[in-house]
Amino acid sequence: ASSYPFHGAHQAGILTPAQRVATFASFDLTAAGRSELTELMKTLTDRARFLASGGTPASVGITAPPPDSGVLGPTVPADGLTVTVSLGASVFDDRYGLSSAKPARLRTMEDFPNDDLDRSICDGDLLLQLCAHNADTVTHALRDIARATRGAMQLRWRKDGFSSPPRPTGTPRNLLGFKDGTAHPALDTKAAPDELVWTHAGGDEPDWVEGGSYHVVRLIRMLVEFWDRVSIHEQENMIGRRRDSGAPLTGTHEFDDPHYASDPTGDVIQMDAHIRLANNRSPQQAKQQMLRRPYNYDSGIDVNGNLDNGLIFACFNQDLERQFVTVQKRLIDEPLVDYISPTGGGYFFALPGVRHETDWYASGLL
Ligand code: HEM
């Protein structure tokens, strides 16, 4: 689509089919108190509403700097832009007097075994996930928002991602060469996202979280030079799927069921294959499924001249603990860990949607 609706019970950029380009930008808030935080949220809302709809920026004065960077020309196209705003646990410390309103599961991201986290690219107060069809649209949006919010938040870390077009068909591929995004929970009814994606008020959750979602981002480096020296047979066993077609090793076509019941001891799909550990398709694990929305990254080279490639693993969860954390714990020490290295990211809470023209981000919280 050329544009996605901005207003609604939920934010765009979650159920939205993944656009080709993304940036994940984490900010530290410098807003001095509750009223400055409220102003920030209103400014963010105004900018996101404009950018996601497109239009002509206000006219240029003679002496003042122009209101728009001009990067997208005189009229800003929506270009499929979605702006998804999420808050980190640190917003709910004493600074803003919001500790009693913290989403129940929100916390800074822990170190999992085999992680190699650089804390300067972890967490943050506010995460912007910007996705669009083209890279200049994402760049323009980030610059516009950073300019409008300069006094109240400061960039902390950022990672740019891209999604491949179908090669040759269907699901995009990650930089290990495998299709990534084949197995998704069925979310095409209203009931399914209500059980797996959207967080609800009640129980231990505060009222304002209704319609939001726990947003996990993991920056996972891929040791691609090392991976490229592994036989195709071994690669496929680690994942549990064929590299060319994406089919499970027990099947023929990408969307075939893995039929674990017919392979109970892992003769075909190993018991510790990535897909089998992530989801063994038992009824117990059905509620642990998450909405994955990953992007590839290519950040040039490291200090040793090795390719700095990887995956921005992003996913949305109704319940951080029941879904992402449970699955991530099962993946500890999977064979794939020798070829990947999580370096950053964080846990965030994607705000409920901006419902109408006079509503604004986090209005239920503030
Ligand atoms: C499936 C790769 C990290 C959870 C897959 C598939 C591939 C893949 C190739 C099969 C295609 C598909 O169904 O989408 C990777 C790589 C990773 C990574 C290369 C790291 C660089 C993670 C992490 C998690 C995760 C951190 C969650 C903690 C899943 C799940 C599935 C999956 C839930 C679907 C399993 C199913 O329902 O059959 N991954 N993955 N992955 N992955 Fe990952």
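What follows is calculated from the coordinates using simple rules that are stated; it is not laboratory data. Everything numeric in this text was worked out from a predicted model, so none of it was measured. When we count neighbours, we look across all protein chains shown, and the Cβ atoms used for this are built from the backbone with ideal geometry, even at glycine.
Among LEU15, LEU331, LEU98, the largest mean-square fluctuation in a Gaussian network model of the chain, built with springs joining Cα atoms closer than 10 Å, belongs to LEU98.
Taking Cα atoms only, the orientation of helix 34-53 departs from the longest principal axis of the chain by about 70 degrees.
For the range 147-285, give the magnitude of the charge dipole about the Cα centre (Cβ charges: +1 Lys/Arg, -1 Asp/Glu; no others), in debye to the nearest 20. Don't skip to the end; give the middle numbers.
Details: 17 positive and 20 negative charges, 184 e Å.
I would put it at about 880 debye.
Each of LYS179, LYS329 has some number of other Cβ atoms within 10 Å of its Cβ, and from fewest to most they run LYS329, LYS179. The residue list PHE349, SER363, VAL337 was ranked by how far each Cα lies along the charge dipole of the range 308-366 toward its positive end, using unit charges on Cβ atoms, and SER363 comes out on top. With neighbour counts taken as other beta-carbon atoms within 10 Å, the residues ILE121, ILE14, ILE301 rank, fewest first, as ILE301, ILE121, ILE14.
Once you charge only the Cβ atoms, +1 for Lys and Arg and -1 for Asp and Glu, what is the size of the charge dipole of the range 21-350 about its Cα centre, to the nearest 20 debye? Working shown, then result.
On the way: 33 positive and 45 negative charges, 131 e Å.
Magnitude of the dipole: close to 620 debye.
Given R0 = 41 Å, the distance between the Cβ atoms of SER282 and SER3 translates into a calculated FRET efficiency of 0.50. A Förster radius of 35 Å, combined with the Cβ-Cβ distance separating SER164 from ASP46, puts the computed FRET efficiency at roughly 0.55.
Could you identify which residue out of ALA146, ALA64, ALA25 has the top mean-square fluctuation in a GNM of the chain using Cα springs shorter than 10 Å? Largest GNM mean-square fluctuation: ALA64.
Per the Kirkwood treatment, what hydrodynamic radius in Å, one decimal, follows for the chain from the mean inverse distance over all distinct Cα pairs? Write out the running numbers ahead of the final one.
Details: mean 1/r = 0.0466 Å⁻¹.
The answer is 21.5 Å.
Put simply, the amide H of ILE340, placed in the peptide plane, has neighbours under 5 Å in LEU223, leaving out anything fewer than 5 places away on its chain.
Against the chain, whose longest principal axis is taken from its Cα atoms, helix 135-148 shows a tilt of about 40°. Backbone phi angles across the range 262-274, fed through the Karplus curve with coefficients 6.51, -1.76 and 1.60 (θ = phi - 60°), yield HN-Hα couplings of 7, 9, x, 10, x, 5, 9, 9, 4, 4, 9, 5, 3 Hz in residue order; Gly and Pro are listed as x.
Rank the residues MET271, MET222, MET153 as a footprinting-exposure proxy: fewest other Cβ atoms within 10 Å of their Cβ go first. Mind dumping the intermediate values first?
Details: MET271 14, MET222 21, MET153 24.
Final ranking by Cβ density, sparse to dense: MET271, MET222, MET153.
Sparsely packed loop sites in the range 238-300 (the chymotrypsin sites (Phe, Trp or Tyr not before Pro) outside DSSP H, G, I, E and B with at most 12 other Cβ atoms within 10 Å) comprise PHE255. Annotation: amide H-H contacts under 5 Å for ASP308 (H modelled 1.01 Å from N, sequence separation of 5 or more, or interchain): SER299, GLY300, ILE301, ASP302.
The GNM of the chain, with springs linking C-alpha atoms under 10 angstrom apart, assigns the highest mean-square fluctuation among PRO342, PRO165, PRO66 to PRO66. Think of the chain as having a plus end and a minus end, set by charges on the Cβ of Lys, Arg, Asp and Glu; of ILE301, ALA1, LEU15, ALA1 sits farthest toward the positive end of this dipole.
Adding -39500 (n - 2.57) for every DSSP H run of four residues or longer, then dividing by how many residues the chain holds, sets the calculated 222 nm ellipticity at -5000 deg cm²/dmol.
Exposed loop sites were defined as GluC sites (Glu not before Pro) in DSSP loop states (anything but H, G, I, E or B) carrying at most 10 other C-beta atoms within 10 Å; in the chain the longest segment without such a site runs 111-356.
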